Amino acid sequence: MASSTLSAPVMQKDIHGWNPCARISSNDRVNSHRTFNCSLSTNTVRKPLFFRAHPASICPRHVSASQRYWLDTKKFPVSCASKFQLDDVIESQQFDTDILNGIFEVAFEMERIEKNSPGSNILKGYLMATLFYEPSTRTRLSFESAMKRLGGEVLTTENAREFSSAAKGETLEDTIRTVEGYSDIIILRHFEGGAAKRAASTATIPVINAGDGPGQHPTQALLDVYTIKREIGRLDGISLGLVGDLANGRTVRSLAYLIAKYKKVKIYFVAPDVVKMKDDIKDYLTSMGVEWEESSDLLEVASKCDVVYQTRIQKERFGERIDLYEAARGKYIVDKKVLDVLPKHAVIMHPLPRLDEITVDVDGDPRAAYFRQAKNGLYIRMALLKLLLLGW
Amino acid sequence: MASSTLSAPVMQKDIHGWNPCARISSNDRVNSHRTFNCSLSTNTVRKPLFFRAHPASICPRHVSASQRYWLDTKKFPVSCASKFQLDDVIESQQFDTDILNGIFEVAFEMERIEKNSPGSNILKGYLMATLFYEPSTRTRLSFESAMKRLGGEVLTTENAREFSSAAKGETLEDTIRTVEGYSDIIILRHFEGGAAKRAASTATIPVINAGDGPGQHPTQALLDVYTIKREIGRLDGISLGLVGDLANGRTVRSLAYLIAKYKKVKIYFVAPDVVKMKDDIKDYLTSMGVEWEESSDLLEVASKCDVVYQTRIQKERFGERIDLYEAARGKYIVDKKVLDVLPKHAVIMHPLPRLDEITVDVDGDPRAAYFRQAKNGLYIRMALLKLLLLGW
Amino acid sequence: MASSTLSAPVMQKDIHGWNPCARISSNDRVNSHRTFNCSLSTNTVRKPLFFRAHPASICPRHVSASQRYWLDTKKFPVSCASKFQLDDVIESQQFDTDILNGIFEVAFEMERIEKNSPGSNILKGYLMATLFYEPSTRTRLSFESAMKRLGGEVLTTENAREFSSAAKGETLEDTIRTVEGYSDIIILRHFEGGAAKRAASTATIPVINAGDGPGQHPTQALLDVYTIKREIGRLDGISLGLVGDLANGRTVRSLAYLIAKYKKVKIYFVAPDVVKMKDDIKDYLTSMGVEWEESSDLLEVASKCDVVYQTRIQKERFGERIDLYEAARGKYIVDKKVLDVLPKHAVIMHPLPRLDEITVDVDGDPRAAYFRQAKNGLYIRMALLKLLLLGW
């Protein structure tokens, strides 16, 4: 997530996968896409983006009317239906609060599907390809569960490096063009930043970024914000303590970025000196009018927060300086003492996996929300698959 | 399978996944589970076990009345329905002859489903996670085939070591809590003895042990006993020759343990000196009133047996003593000469894979039951999936 | 593909998986299979081949009448239905033009299924095992997509070397007998030539060869010929330029072999000196009355061809002679200059993956057919799965 991108989120809007007023005028749509297409045409030759699989409109696979009235009971609010069209999910910057709220509404519906029925069939006949260039079993299982809970089918590869013939030298673009012939949507995990954007520019079917190297992991960011909304009941006016490795943690950076779009947010950074939050996010928060401060007193912060978001100190970032890692690691632990001062309505979150930065005796407290948070990843991914394949 | 466990199978009954009279009184059930829960509460914080997915009663996913009357034709005998409730399948010790016979009845029904229809849908809408910490493709494919033959869906991982972030240090318990959010049942293969029991104590959904290190592989034990029942027609009064690596063979040890629960069983051990059956099993058999003897004359044993159960000498157990391995390996071969003396009604079994301890010219004889035995693994696993997810 | 086999394709006919007049007389069928069976009986003991799963006749899994009238709209021409019965797909030599045309008709129908419906269910209840002894993700995904597009289910293994217990020494035959118990059709990828034929001789269910070492990859050959038919509209009278690594390229050799069965075919070979087409194929073409010539002028060949079939120079074939590889690699590139001389109706094909032997600025030209060719692999595999499991 480059700082230049951070400072210009609005400019990205038309580019990343959705465009306003998609259904109001097909002409507008063609035009907005044409602009995008031209900007890429120097190094890629491809079908114009307005040919991509637009669910419920020009998707080459038939969508029945009854599928569009999904669940047969609930049509989505006109506000959503007339405003957005999700094509791809590439980076957090593509979402504003309107689209976030729209996705969260669908995710909430998904909880109902998953819990109350023997399985939905709204994605029956659709095939998802999980094209993973590096293994990430947690993320993969979550996406595959989401697809199957909705009646869809899955093609899996975890060794896409071999597939793409790294040895043989095939480009990502060529791989995408082959895989899009076998499936209806691609979930891409890649080791290079920007890979998802390249894939989405090539593909004529929707692409979801499931993490591209040091770059983005937008579905994790969405599930984090959704969890706060579900647990606390609101996003405006939230107080948020970000704890642990704030320098390298992709999730806390994305969370800070997204939460800043809401009103009257207050953020506390609690990090060991070697892994403090970087200036780009701080500057961005200031520019968005978000109040933030740094603290070294976890207990005091916990007593004032709606959400304590703990993260793992990532050993792999310290290289041979195991001493620095060990020092950073033990500094801020969420334990019973933190629970004692934490407000009754507040929650503890963690992107998982955790080591000992949250002690296991915290797990039984109702405010320990991290496994519910992991489960919310399922609902968010169900919602995105539904939105990309069937529309609102 | 520690000898201490072997000598106290009754004590294990209430603990491992089923409890008598489950449906007669919900109070009883709560109490029996509460006892278990307390005994574990020192090091784990979890929902009480009576919240786990009890098929057809408090399973969070809806089970229709028609699903419970599975196959629309056959209700299970009251004797089963009122007596047992399978929650998990962790170790052979949890089964007595009543529950074994109940499972075998369901497995026999499964043969009918698999052979006579274009596929059953009784598990439609259910998701099984095969969480394998070490690859075991034969076992995995068998479970996945079982689930799909019943209309269910599967999430697969063979590199769960990476998933559980061995490198990152996540505990098995944390992994289980994440995966249970994505699925309805977990099939666990692990490299550590006792892992399945830990997983089942954590999970709020059913867990089946698909082999945990040097520990248990209960579905293999079940399919072996089922095969004898199917091939010979009875289990009481059976004569059984166990041949090959009896010291290290997990399957022959489990088979001896389970078959001892039946009446008037006679067992012959035929093993090279370096891999003789250990005393714990011999003592257990004696305590159960099972007649056993050791022999070095395979032909004589074969002439008196209903079942000759051959096993592979496991090279990996001999370390650098290849000479000992080679000597043990060639000692007892099942070949045409064994077939010549084997009674007409008897069968040859083998857990597979086999090397040359059964010669290929035996394969064509109707008494060669080892590939039918492998197939029975499918039926047993279909039965267990049905029982754990839908109840009797 | 040994030259001896090449020179006697007719002799192979009765052996490889199909036989003429299969439904006219069951006696004939028994006889033709019996011959085959006897020839193998020295070292294998197996059910006679006429017991194998013959779709729509003696397949053990029920096929409804409505499934046989697939798509509920179109019965296949009597000419096909009365002439062939596909049992296995093992090598290109098993196909003559009649059966090729029959397969192509079904593949063309499959395009309609894949594009116009929310998914077919004609293979619902069928399980396909992709038994891959070496990873080939492109081929695997294509087969799995084909199966799922038709409503079937898939068991996947990419590490079948472990499964077959290379370490433990299990034979391919034993593995096949286990896997056939869990599935209805096996897709085999193996590192040894002839493995598919051995598997088919063992299995009582259909086997498709998805590449066996230096041997055959018949579905690739079929999709190549099908692509020419779809793109150019005919196969008789075609002019074909084969470019690149003609010595090692399995695909160009198979294509030359199959295309020779059509009338008035003309083939141009354009290859660097070190990787020229070998004499066995040249002799075969001559014997079949196919006109062929070698050329070093790609532009001149392109100006006269209906199809330019480019291939990758395979670095791995050159060992340490990187200098030879580099020289060969840059020699014949398909670029804009080739497009300039290529006839309007002609197409560029490539088996993929490609490196730079076709420049990316060619991709946007409508005559660049290689991604459509990859997609045709899906249709061919859908057709074969349908034919092997349900019959014509």
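Numbers below:
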item: Inter-chain shielding of C:177-187 (mean C-beta neighbours from other protein chains, 10 Å cut-off); result: 5
item: Accessible solvent surface per residue of segment A:176-219, calculated while the other protein chains remain in place, 1.4 angstrom probe, Å²; result: 19 Å²
item: Stokes-Einstein diffusion coefficient of segment C:250-307, Kirkwood radius over Cα pairs, 10 °C, 1.306 mPa s, in µm²/s; result: 133 µm²/s
item: All Cα pairs of segment C:92-224, percent lying beyond 22 Å; result: 39 percent
item: Violating pairs (Cα-Cα greater than 19 angstrom) within the set C:LYS278/C:LYS304; A:LYS375/C:LYS124; B:LYS266/B:LYS304; A:LYS148/A:LYS386; A:LYS229/A:LYS264; result: C:LYS278/C:LYS304; A:LYS375/C:LYS124
item: Rounded if a/c under 1.5, otherwise prolate or oblate - segment B:177-238, Cα gyration tensor axes; result: prolate
item: For the A-to-C rotation axis, chain A residue with nearest beta carbon and its distance in angstrom; result: A:THR156, 4
item: Label-reachable residues, segment B:337-352, where backbone N falls under 19 Å from a point 7 Å from B:GLU300's Cα toward its Cβ; result: B:337-343
item: Those GluC sites (Glu not before Pro) in segment C:214-321 that DSSP places in a loop and that have at most 16 other beta carbons within 10 Å; result: C:GLU320
item: Cβ-placed point charges (K, R +1; D, E -1), dipole of segment B:192-273 about Cα centre in debye, nearest 20; result: 420 debye
item: Segment C:279-291 - phi-based ³J(HN,Hα) in whole Hz, Karplus 6.51/-1.76/1.60, Gly and Pro as x; result: 5, 4, 5, 4, 4, 4, 4, 4, 5, 8, x, 8, 7
item: Rg over Rh, two decimals, segment A:202-279 (C-alpha only, Kirkwood Rh); result: 1.03
item: Cβ-derived FRET efficiency at R0 30 Å, C:ASP365 paired with A:ASN101, nearest 0.05; result: 0.10
item: Position B:ILE322, label points 7 Å along Cα→Cβ, spacing to each other copy in nm (shortest first, one decimal); result: 3.7, 3.7
item: Exercise: per-residue mean of other protein chain Cβ atoms within 10 Å, B:364-372; result: 2
item: 7 Å along Cα→Cβ, label-point gaps from C:ASP365 to other copies, nm, shortest first; result: 6.8, 6.8
item: Within 10 Å of each Cβ in C:314-323, the average number of Cβ atoms from other chains; result: 1
item: Cleavage-rule hits (trypsin sites (Lys or Arg not before Pro)) in segment A:219-315: DSSP loop, at most 16 neighbouring Cβ within 10 angstrom; result: A:ARG234, A:LYS263, A:LYS264, A:LYS276, A:LYS278
item: For segment C:266-338, alpha-carbon Rg over 2.2 N^0.38 Å; result: 1.21
item: More than 17 angstrom apart: percent of Cα pairs within segment C:253-392; result: 67 percent
item: Chains B and A, summed buried accessible surface - 1.4 Å probe, Å², nearest 100; result: 2600 Å²
item: Nearby aspartates and glutamates by direct alpha-carbon distance to C:LYS336 (threshold 19 angstrom, same-chain neighbours under 8 apart not counted); result: A:ASP174, C:ASP297, C:GLU300, C:ASP306, C:ASP356, C:GLU357, C:ASP361, C:ASP363, C:ASP365
item: Simple spin-label estimate for A:ASP236 and B:ARG112 in nanometres, 7 Å along Cα-Cβ; result: 6.3 nm
item: Isotropic mean projected area of the C-alpha convex hull, segment C:169-318 (nm²); result: 10.8 nm²
item: Highest to lowest packing among B:367-376, B:147-156, scored as the average C-beta count within 10 Å; result: B:147-156, B:367-376
item: Distance-filtered residues of segment C:122-137 - backbone nitrogen under 13 Å, label point 7 angstrom along C:ARG161 Cα→Cβ; result: C:132-136
item: Nm distances between copies for A:ASP335, ranked from closest, using label points 7 Å along Cα→Cβ; result: 6.8, 6.8
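The values are calculated or read from the model by the stated rules, or taken from the named source; none is laboratory data. These figures come from a predicted structure and were not determined experimentally. When we count neighbours, we look across all protein chains shown, and the Cβ atoms used for this are built from the backbone with ideal geometry, even at glycine. Protein only, heavy atoms only, side chains kept; ligands, DNA and RNA dropped before computing areas. Shrake-Rupley method; radii C 1.70, N 1.55, O 1.52, S 1.80 Å.
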